[in-house]
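The values are calculated or read from the model by the stated rules, or taken from the named source; none is laboratory data. Only a predicted model underlies this, so the values are computations on that prediction, with no experimental measurement involved. So basically every Cβ, Gly included, is an ideal-geometry build from the backbone, and we count neighbours across all protein chains shown.
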Amino acid sequence: MQIDAVIFDCDGLMFDTEIVAQQIWRDEANRYGITYPEDFFQHITGAGGRDNARYIASIPGLGDILPKIRAKRFDIDFWRSIHTDCLNRPGLIELFTYLEENGYRTAVCSSSDRTYVESLIGTCSKKLKYDVIVCGDMVEHAKPDPEIFLRGAEELGVDPAHCLVLEDSKQGILAARAAGMRSCFIPDTIIPDDEMKAAIDMQRDSLLDVIGILEENRADHGQKD
C-alpha cells in the first residue's frame, strides 16, 4: 500500500491528555459513589456521539453528573494554560516536520470538539502544519463509525486505501478498518482486547517510530527525496 496521507487522532495520540481525563472521571465517580465497569475507559476512549451517550446513560447515576464531568474535562481555559510542549507525545513535532518536508497530506480527525482540539494544538511551540481538521462536532456519526476518517480523506483528496491512521483507542482502530484505511496503534492508556488486536495493522511505541514506516513505504514504492 502506498501511503499518501497520514491521519492523526488527537487525545492520547498527539497529546498526553488521557491520564488527566481519566482522573477527572474517577474523581467525580468517587465523589458520588459511582462504580464504572472494568472496560469503561476502553469503551469511551476515542468515542462519542449517540451510542456513547447511551452507554454512559446505562451506568447508574452517571448521567446525573455527566455535565459536571464534561465541564471539567473540556475546560478550554485549563488546557490553554498548559505549559508549551508539556502535553506533546514523544515524536509529535518530529513527525509533523517529516510529513511537511516530504509532501504528505495530513489530517487531524478527533471525536472531540474543534475548539478543544485547536486549543491543544496551540500548546505546541512549533506550528503544526495540517491540511484538514475534522472533529466530533462536524460529523453525525462518531468512531467506530468510519465517517470522520472518510470525510478527512475526501477533504484531503486522497483515496482511503492510501491513508495511514494513527490511533491510540479501540474505537479509532475499528473506525480505520471500517474506512478501508491502514492503521498504526501507538499505545497510551488502552490495552488492546482480541477484537482490537485483530483490527490493528501495525503497532509502534511512539510517533517518532512512524517515520520508519513511511521511509520503508517510500522505498517500497520507489519514492525519492
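Of all residue pairs spaced 6 or more apart or on separate chains, those with beta-carbon atoms under 6 Å, a first member in the range 155-174 that is in contact (Cβ under 8 Å) with a residue 40 or more places away in the chain and a second member that is basic (Lys, Arg) and buried (at least 23 other Cβ atoms within 10 Å of the Cβ) are GLN171/LYS143; GLY172/LYS143.
Selection over the range 182-193 of residues that are within 23 Å of PHE15 (Cβ to Cβ) and part of a loop (DSSP other than H, G, I, E, B) gives a count of 7.
Residues satisfying the criterion are absent from the range 93-105 (criterion: under 29 Å from ASP39 (Cα atoms) and among the basic types (Lys, Arg)). Restricting the first member to the range 30-41 and to residues that are over 14 Å from ASP64 (Cβ atoms), and the second to residues that are among the acidic types (Asp, Glu), the beta-carbon pairs closer than 9 Å and six or more apart or on different chains are ASP39/ASP193; PHE41/GLU18. Summed over the range 206-225, residues that are surrounded by fewer than 13 Cβ atoms within 10 Å (Cβ to Cβ), at pLDDT 95 or above and either farther than 19 Å from THR97 by Cβ or touching a Pro at 6+ places or on another chain (Cβ under 6 Å) (or both) total 0. Evaluate the range 29-48: report whether one residue or more is small (Gly, Ala, Ser), within 30 Å of ASN217 (Cβ to Cβ), touching a Ser or Thr at 6+ places or on another chain (Cβ under 9 Å) and buried (at least 18 other Cβ atoms within 10 Å of the Cβ). Looking through the range 29-48, at least one residue is small (Gly, Ala, Ser), within 30 Å of ASN217 (Cβ to Cβ), touching a Ser or Thr at 6+ places or on another chain (Cβ under 9 Å) and buried (at least 18 other Cβ atoms within 10 Å of the Cβ).
For every residue, the table says whether it meets (1) of a type in the set (Gly, Ala, Ser); (2) touching an Asp or Glu at 6+ places or on another chain (Cβ under 8 Å); (3) modelled with pLDDT of 90 or more.
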| residue | (1), (2), (3) |
| --- | --- |
| GLY12 | yes, yes, yes |
| TRP25 | no, no, no |
| ASN30 | no, no, yes |
| GLU94 | no, no, yes |
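Restricting attention to the range 95-113, the residues being free of Cβ contacts under 8 Å to residues at least 40 places away in the same chain and touching a helix residue (DSSP H, G or I) at 6+ places or on another chain (Cβ under 6 Å) number 1. Among the residues making up the range 17-53, a single one is over 21 Å from ILE148 (Cα atoms), in a loop (DSSP other than H, G, I, E, B) and either touching a Cys at 6+ places or on another chain (Cβ under 8 Å) or aliphatic (A, V, I, L, M) (or both): ILE34.
For the range 179-222, filtered to residues that are free of Cβ contacts under 8 Å to residues at least 60 places away in the same chain and of a type in the set (S, T, N, Q), the residue that is nearest to GLY152 (Cα to Cα) is SER183. Quick check on the range 168-188. Is at least one of its residues at pLDDT 95 or above and on the phi > 0 side of the Ramachandran plot? Among the residues of the range 168-188, at least one is at pLDDT 95 or above and on the phi > 0 side of the Ramachandran plot, which makes the answer yes. Could you go through the range 15-28 and let me know if any residue there is without any contact (Cβ under 8 Å) to a residue 60 or more places away in the chain and touching a Gly at 6+ places or on another chain (Cβ under 9 Å). Yes, some residue in the range 15-28 is without any contact (Cβ under 8 Å) to a residue 60 or more places away in the chain and touching a Gly at 6+ places or on another chain (Cβ under 9 Å). Residues in the range 54-80 that are part of a loop (DSSP other than H, G, I, E, B) and free of Cβ contacts under 8 Å to residues at least 12 places away in the same chain: SER58, ASP75.
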